[in-house]
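Participant: Below is one structure. I have some questions about it.
A short reminder: the numbers here are calculations on the coordinates, not readings from a lab. Note that this is a predicted model, so its numbers are computed, not measured. We place every Cβ from the backbone using ideal geometry, glycine too, and count neighbours over all the protein chains shown.
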Amino acid sequence: MGCKLQMNLLEKLRYGSWAWMVALAIQQIDPVIAADSPDATMGMATESAWPMYRGNPSLNGVSPAKIGPKLKEVWQFEAEHSIKSSAAIVDERVFIGSDDGFIYALNLKNGKQIWKYETLGNVESSPLVLGDYVYVGSGDGFVYKLATKDGSLAWKYETEDQVLGAPNWIMSPDGKEPWILAGSYDFKLHCIKASDGSKVWDYETGNYINGTPAVSNGQTVFGGCDALLHVIQLSDGKKVKEIEAGAYIAGSVAMAGSKVYVGHYESEFLCFDLEKGELAWKYRDRSFPYYSSPAIAGDRVLTGCRDRQLHCLNRDTGEKIWTFPTRGKVDSSPVVVGDEVIFGSQDGRLYRARISDGKEIQSIDLGQPLTGSPAVINDWVVIGSEDGNVYGFQSVAD
């Protein structure tokens, strides 16, 4: 979205076998982060928590939750404007932003508002919940730290332009506190002390940073509107390497070991090998851009595309395994749950499909475009819509 604006300006100037695969994908979270964390589950997806965008710092889009055979809508919450933010769910509270400038905390069971906090810009950023605080960016250029209990402000950190991507986190090298990572349209990736909101370091790129930085193996990796894949050392913010992507990257990457997966605006989906510092493979189907962030499920990678399809590829080769057609662009980022994938489409439907063969499990017509991504915990799926509503779905007996 933002990258497209900048580009225009520049131009004008089977289930059982899948259980272990999903478990393996979950284990691909950086072991250093998990070991250093004061709480090994803090900031990581569990069966009862979805604390951040894509579920964990490596952004692999995998939930260890279980969903029943059928989802039913049990509540709606109406914000004052469209919702592109993806929800976080912790301690039976839903945290989500809206283009109305508010960050909302809702009761998971009934969708009732617990509190809201007003920023001075649209909140496309997805919240990150760590301990008793939620961190989120805003179009006003600030990253906010709010108390999960009542929404009171702990601090706000100023960048020089809007922050649309979700924050990520790492532990400081001494293991004493989390650091918050956030990309901004000021061309910089910012590393911020969670305790007091002071800057640890920043890293400047050549253009907007629209997505969320992924974290693994002591490094953070992200793409930007400068058409580069940036690999940064987390301890000091120094550049490890840059890799040409060929076009600007609007979404977020997913990491698994030394491999990084991401799509870009010029209709290609790519796999990079960080150890070799080069492109491992590329996939091209039709001439439509990728804004969706991928999910990793065992030997497969799944991503939405503006060709109105969800694509399932072999993770090692990039070979197409199947595609799932919808009636609208798929900017929503898929979430893997067991042997299924859940995602939204701009045709207004929430879809569930089997990863093994791409067959539809269920679709729910909400009537308005879904560009945000689902948040998934045991028996619950929460997603926002461009009609300004947040929807809560619960598993029911078939």
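Participant: Determine the calculated [θ] at 222 nm for the chain from helices alone, applying -39500 (n - 2.57) to every DSSP H run no shorter than 4 residues and normalising by the residue count; nearest 500 deg cm²/dmol. Mind showing how you got there, number by number?
Facilitator: Numbers: 3 runs with 30 residues, N = 398.
Computed mean residue ellipticity for the chain: -2000 deg cm²/dmol.
Participant: Same structure again: Relative contact order of the range 287-398: what whole-number percent is it, with Cα pairs under 8 angstrom and at least 6 residues apart? All intermediate terms of the calculation are to be shown ahead of the outcome.
Facilitator: On the way: 291 pairs, mean separation 18.3, N = 112.
Across the range 287-398, relative contact order equals 16 percent.
Participant: Let me ask you something else. I need PHE102, PHE222 ordered by Cβ neighbour count within 10 Å, fewest first. Kindly include the intermediate steps, with their values, before the conclusion.
Facilitator: Working: PHE102 21, PHE222 29.
Ranked by crowding around the Cβ, least crowded first: PHE102, PHE222.
Participant: Note down the nm distance, to one decimal, between modelled labels 7 Å out along Cα→Cβ at LEU153 and at ARG284.
Facilitator: Here the answer is 4.8 nm between the modelled labels.
Participant: Explain nothing, just the number: dipole magnitude of the range 2-396 about its Cα centre with +1 on each Lys and Arg Cβ and -1 on each Asp and Glu Cβ, in debye rounded to the nearest 20. Provide the component values of the computation, followed by the final result.
Facilitator: On the way: 38 positive and 50 negative charges, 181 e Å.
My answer is approximately 860 debye.
Participant: Given Cα positions, please report Rg to Rh for the range 228-354, the hydrodynamic radius being the Kirkwood one. Each step should come with its number before you reach the end.
Facilitator: On the way: Rg = 14.4 Å, Rh = 14.8 Å.
Here Rg/Rh amounts to 0.98.
Participant: Any chance you could get the radius of gyration and Dmax over the Cα atoms of the range 195-291, in Å?
Facilitator: Rg then Dmax for the range 195-291, in Å: 13.4, 47.
Participant: Sticking with this structure for a sec: Report the label-to-label distance for GLU275 and GLU177 in nanometres (one decimal), using points 7 Å from each Cα along the Cα→Cβ vector.
Facilitator: For the pair GLU275/GLU177, the computed spacing is 3.7 nm.
Participant: I've got another one for you. Do you know the relative contact order of the range 304-367, to the nearest whole percent, from alpha carbon pairs under 8 angstrom that are 6+ apart? Show your work: numbers first, answer last.
Facilitator: Working: 140 pairs, mean separation 15.6, N = 64.
Reported as a whole number, the value is 24 percent.
Participant: P(r) for the chain, please, calculated from all Cα pair distances in 10 Å bins and given in %.
Facilitator: For the chain, the pair-distance distribution reads 5, 26, 38, 25, 6, 0.
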